[in-house]
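J.: Below you'll find the structure I mean.
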Amino acid sequence: RCLLKMVKGNIIVPEEILSFCCNGLQGSTSPPRAREPGEREEAPGAMASPSPARNPTEVQMSQLVLPCHTNHRGELSTGQLLKWIDTAACLSAERHAGCPCVTASMDDIYFEHTISVGQVVNIKAKVNRAFNSSMEVGIQVSYEDLCSGKHCSICKAYATFVAQGPLGSKVRLKPLAPQTEEEKIEYSIAAERRRMRLVHKDTLKDLLTRSPQETELETRDGSGAVPAEKTRVESVELVLPPHANHQGNTFGGQIMAWMENVATIAASRLCHAHPTLRAIEMFHFRGPSQVGDRLVLKAIVNNAFKNSMEVGVSAEAYGQEMSVSRRHINSAFMTFVVLDQEGHPRTLPMVAPEPGDGERRYREASARKKIRLDRKYVVSCKQTEVPLSVPWDQSNKVYLSYNNVSALKMLVAKANWALAREKEKVRMYTLEEDKFLSFRIEMSVCITASRAFSLLSNLRRRHEWDSHYVSAELVQKVDDDDMIYHVVSQKLRHENKPQDFVILASRRKPCSKGDPYVVAFRSVTLPTHPARAEFTRGETLCSGFCIWPESEEMSKVAYYNQAMPGYLNYVTTNVAGLSSDICSTFEACEKFLLKNKEDLISRLQD
């Protein structure tokens with residue numbers, strides 16, 4: 001069609017091209033090609049077989065790593081990789097929004113491997129969930145070796161994008177409908193990740209408030225401390241049209257690449273070697289910059305641990321007039337290591353912080369390291385790799401709560417639940433996986449979802465309907481949504497003493513329409529409540545309630561449990577129909593809910 005328009009516009013087109021164009025539009029008139037001996041005839045409609053449905057927001061990008069993309073070691077520059085990641089994520093966000101989108105933040109990124117020149121970087125990005133005007137985009141990065149055919153994961157990232165209308169106004173996004181099991185899991189957990197981002201600063205502030213105010217320098221053999229001021233870097237960049245996105249704002253990936261560059265220089269000044277970037281703590285974009293702006297990038301080593309160092313980096317923008325105050329655009333913290341010839345981290349020199357702000361940054365770096373370890377230990381691990389009873393303390397409360405709720409949501413989103421038993425209104429389902437047998441039991445109850453949520457989230461009242469519970473003592477109220485209980489249950493068969501549990505109960509109200517009320521349980525350890533001789537200490541990995549409103553007065557109540565070995569015989573006996581104890585307990589739960597609903601109505605009438 002384009003070629004035909006060019007003809008009308010008096011642009012001469014070769015006759016062969018015009019003929020090819022017309023044949024392509026109207027169907028070729030050439031005789032059919034004779035089949036070669038042994039060649040099979042295509043079955044009618046073979047080319048029309050439908051391909052698997054693909055997420056409409058999914059974007060795939062493949063980039064061949066060329067020498068211009070690499071550092072002195074022939075490895076892909078992390079700054080270049082961040083550009084590609086941000087580009088793919090932005091295109092995915094704009095597919096869903098149907099309008100321009102800007103990067104609001106990028107969650108922690110842990111780089112598992114380096115990528116060499118000649119290899120291919122494969123990036124897949126898709127929207128996990130849309131909120132009001134922001135959305136979470138999940139990004140998976142892997143590399144492919146074209147010679148050996150080897151594929152390897154590099155990192156996984158989550159970015160938040162904001163949709164923008166005319167003059168920068170916010171746009172209300174349409175909801176996302178997940179289709180596959182994986183998409184449903186990511187959709188459900190996205191709300192928890194959003195919650196964790198919002199409280200990240202408060203977590204750091206709380207940890208610093210409770211830690212000693214004095215700065216204690218680490219003692220290390222072999223070298224003296226390097227003044228942090230010697231690692232300071234300041235660089236300016238002029239934002240040109242190639243650095244801008246299609247909206248005229250400075251491309252977020254370009255800002256991240258510039259920040260990575262100055263952070264690498266600062267790290268090199270400490271170790272006098274070429275460092276390798278291992279992790280990036282959340283990028284947070286505080287405001288836009290445009291073509292013509294000057295970006296001032298600053299970096300300094302905040303703290304050096306034995307085998308790693310943290311570099312703080314910030315970006316400020318100003319226009320042509322120096323008198324105008326600079327605008328803080330972005331800040332991030334990057335963790336570097338220095339590898340020896342065998343690929344093992346080298347011991348680093350110590351850092352001597354300058355008084356005042358330097359000491360504050362030094363202490364904050366130590367706090368961030370603890371938070372990173374907590375986050376990686378509790379959040380980033382696969383569910384089966386997390387120890388059952390993780391030690392609870394104030395600094396990791398956010399991540400344990402996240403893990404608690406997300407584990408239950410992942411269990412809820414599984415697709416292979418099979419109906420095992422049905423007794424009157426109670427239905428029991430099972431899910432068989434490699435290491436776990438999980439069960440779900442559900443029924444519809446004539447009670448509002450919010451009232452059922454309030455009653456079932458209070459473990460101190462569970463003994464009123466669950467005969468297995470003897471007592472539940474509230475040990476600590478973490479906040480309005482998280483409580484820690486010491487629970488005592490009845491004796492198990494073949495046991496001569498009762499069980500006790502220390503349980504973290506996490507409550508969540510619906511984030512948007514269609515979400516359930518959630519009450520999640522998991523075991524934790526507290527120094528104030530060690531295992532005692534008179535009890536057998538029990539543990540629960542993942543269990544809890546999900547409550548969906550079916551109407552104004554009806555709710556679907558479902559209980560989920562990933563059966564632990566000590567509990568397995570009890571579950572299988574019920575699944576096989578040799579006992580109705582679980583169904584009877586849930587029927588008692590229904591009576592408890594209805595009774596307390598009526599008590600509430602009576603009190604309101606009085």
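J.: Within the stretch 398-427, which residues are touching a Phe, Trp or Tyr at 6+ places or on another chain (Cβ under 8 Å) and more than 20 Å from Ala520 (Cβ to Cβ)?
T.: Matches in the stretch 398-427: Ala418, Leu419, Ala420, Val426.
J.: Kindly indicate the residue of the stretch 469-483 that is open to solvent by 60 Å² or more (accessible area, probe 1.4 Å) and either part of a loop (DSSP other than H, G, I, E, B) or touching a His at 6+ places or on another chain (Cβ under 9 Å) (or both) and also nearest to Lys556 (Cα to Cα) among those meeting that condition.
T.: Applying the filter and picking the extreme gives Asp480.
J.: Filter the stretch 341-372 down to the residues that are under 14 Å from Ser308 (Cα atoms) and among the basic types (Lys, Arg) and list them by number.
T.: Arg346, Arg368, Lys369, Lys370, Arg372
J.: Right, another one. If Glu183 satisfies every condition in (1) closer than 30 Å to Gly74 by Cα; (2) under 16 Å from the mean Cα position of the chain (by Cα) but one, which is the exception?
T.: Of the numbered conditions (1) closer than 30 Å to Gly74 by Cα; (2) under 16 Å from the mean Cα position of the chain (by Cα), the odd one out for Glu183 is (1).
J.: Please go through the stretch 62-82 and give me each residue that is open to solvent by 50 Å² or more (accessible area, probe 1.4 Å) and out of contact with any Ser or Thr (no Cβ under 9 Å at 6 or more places or on another chain), ordered by number. Give the derivation first.
T.: Let us first name the residues in the stretch 62-82 that are open to solvent by 50 Å² or more (accessible area, probe 1.4 Å), namely 62-64, 66-68, 71-73.
Passing the criteria: Ser62, Gln63, Leu64, Leu66, Pro67, Cys68, His72.
J.: Continuing with the same structure: Could you please give the count of residues in the stretch 530-551 that are under 22 Å from Ser457 (Cβ atoms), assigned to a strand (DSSP E or B) and open to solvent by less than 60 Å² (accessible area, probe 1.4 Å)? First the steps, then the outcome.
T.: Step one: of the stretch 530-551, the residues under 22 Å from Ser457 (Cβ atoms) are 538-551.
Then drop every residue that is not assigned to a strand (DSSP E or B), which leaves 543-549.
Imposing the further condition that a residue be open to solvent by less than 60 Å² (accessible area, probe 1.4 Å) reduces the set to 543-548.
Residues meeting the conditions: 6.
Yes/no matrix, rows are residues, columns are (1) of a type in the set (Val, Ile, Thr); (2) touching a Ser or Thr at 6+ places or on another chain (Cβ under 9 Å):
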position: Val519; (1), (2): yes, yes
position: Arg522; (1), (2): no, yes
position: Pro530; (1), (2): no, no
position: Arg537; (1), (2): no, yes
position: Leu541; (1), (2): no, yes
position: Ser555; (1), (2): no, yes
position: Ala563; (1), (2): no, yes
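J.: Now for a different question. Among the residues of the stretch 165-186, what is the count of those that are touching a helix residue (DSSP H, G or I) at 6+ places or on another chain (Cβ under 9 Å) and open to solvent by less than 50 Å² (accessible area, probe 1.4 Å)?
T.: 5
J.: Under 8 Å by Cβ, and 6 or more places apart or on different chains, what pairs join a residue from the stretch 339-367 that is on the phi < 0 side of the Ramachandran plot and in the same structural domain as His272 (by the TED database) with one that is part of a helix (DSSP H, G or I) and among the aromatic types (Phe, Trp, Tyr)?
T.: Here the result reads Val351/Tyr362; Pro353/Tyr362, each pair linking the stretch 339-367 to a residue that is part of a helix (DSSP H, G or I) and among the aromatic types (Phe, Trp, Tyr).
J.: For the stretch 562-581, indicate whether the set of residues that are closer than 20 Å to Ala505 by Cβ, assigned to a helix (DSSP H, G or I) and of a type outside the set (Asp, Glu) is non-empty.
T.: Restricting attention to the stretch 562-581, the residues satisfying the condition of being closer than 20 Å to Ala505 by Cβ are 562-564, 567.
Checking the rest, the ones that are also assigned to a helix (DSSP H, G or I) come to 567.
Those still in the list that are of a type outside the set (Asp, Glu) too: 567.
Yes, the stretch 562-581 contains a residue that is closer than 20 Å to Ala505 by Cβ, assigned to a helix (DSSP H, G or I) and of a type outside the set (Asp, Glu).
J.: Moving to a separate point now. Which of the residues that make up the stretch 416-456 are small (Gly, Ala, Ser) and touching a helix residue (DSSP H, G or I) at 6+ places or on another chain (Cβ under 7 Å)?
T.: Taking the stretch 416-456 first, the residues small (Gly, Ala, Ser) are 418, 420, 438, 444, 449-450, 452, 454.
Selection gives Ala420, Ser438, Ala452.
J.: Moving on to the next point. Of all residues in the stretch 344-375 being acidic (Asp, Glu) and not in a loop (DSSP other than H, G, I, E, B), which is most open to solvent (accessible area, probe 1.4 Å)? Give the steps one after another, and end with the answer.
T.: Quick first cut of the stretch 344-375, residues acidic (Asp, Glu) only: 354, 357, 359, 364, 374.
This time we only want the ones that are not in a loop (DSSP other than H, G, I, E, B), so: 357, 359, 364, 374.
On the way: Asp357: 91, Glu359: 74, Glu364: 35, Asp374: 19 Å².
Within the stretch 344-375, the match that is most open to solvent (accessible area, probe 1.4 Å) is Asp357.
J.: Exactly one of (1) more than 28 Å from Glu432 (Cβ to Cβ); (2) surrounded by 15 or more Cβ atoms within 10 Å (Cβ to Cβ); (3) in contact with a Cys (Cβ under 9 Å, 6 or more places away or on another chain) is unmet by Met554. Its number?
T.: All conditions pass for Met554, except number (2).
J.: Within the stretch 296-316, track down each residue that is of a type outside the set (S, T, N, Q) and surrounded by fewer than 24 Cβ atoms within 10 Å (Cβ to Cβ). Walk me through how you get there before you give the answer.
T.: Residues of the stretch 296-316 that are of a type outside the set (S, T, N, Q), as a first pass: 296-301, 304-306, 309-313, 315-316.
Result: Val296, Leu297, Lys298, Phe305, Lys306, Gly312, Glu316.
J.: Looking for whichever is at pLDDT 85 or above, under 28 Å from the mean Cα position of the chain (by Cα), open to solvent by 30 Å² or more (accessible area, probe 1.4 Å) and farther than 20 Å from Ser105 by Cβ here; the options are Thr276, Thr264. Which one fits?
T.: Numbers: Thr276 fails: open to solvent by 30 Å² or more (accessible area, probe 1.4 Å).
Answer to the check: Thr264.
J.: Let me ask something else about it. For the stretch 488-495, check the following and say yes or no: at least one residue is open to solvent by 30 Å² or more (accessible area, probe 1.4 Å) and either within 23 Å of Val390 (Cα to Cα) or aromatic (Phe, Trp, Tyr) (or both).
T.: Taking every residue of the stretch 488-495 in turn, none turns out to be open to solvent by 30 Å² or more (accessible area, probe 1.4 Å) and either within 23 Å of Val390 (Cα to Cα) or aromatic (Phe, Trp, Tyr) (or both).
J.: Read through the list (1) open to solvent by 20 Å² or more (accessible area, probe 1.4 Å); (2) under 21 Å from the mean Cα position of the chain (by Cα), then give the number of the only condition that Asn128 fails.
T.: Every condition holds for Asn128 apart from (1).
The values are calculated or read from the model by the stated rules, or taken from the named source; none is laboratory data. These figures come from a predicted structure and were not determined experimentally. Reconstructed Cβ throughout: ideal geometry from the backbone, glycine too, with neighbour counts over all protein chains shown. Only protein heavy atoms, including side chains, enter the accessible area calculation; ligands, DNA and RNA are left aside. Shrake-Rupley method; radii C 1.70, N 1.55, O 1.52, S 1.80 Å.
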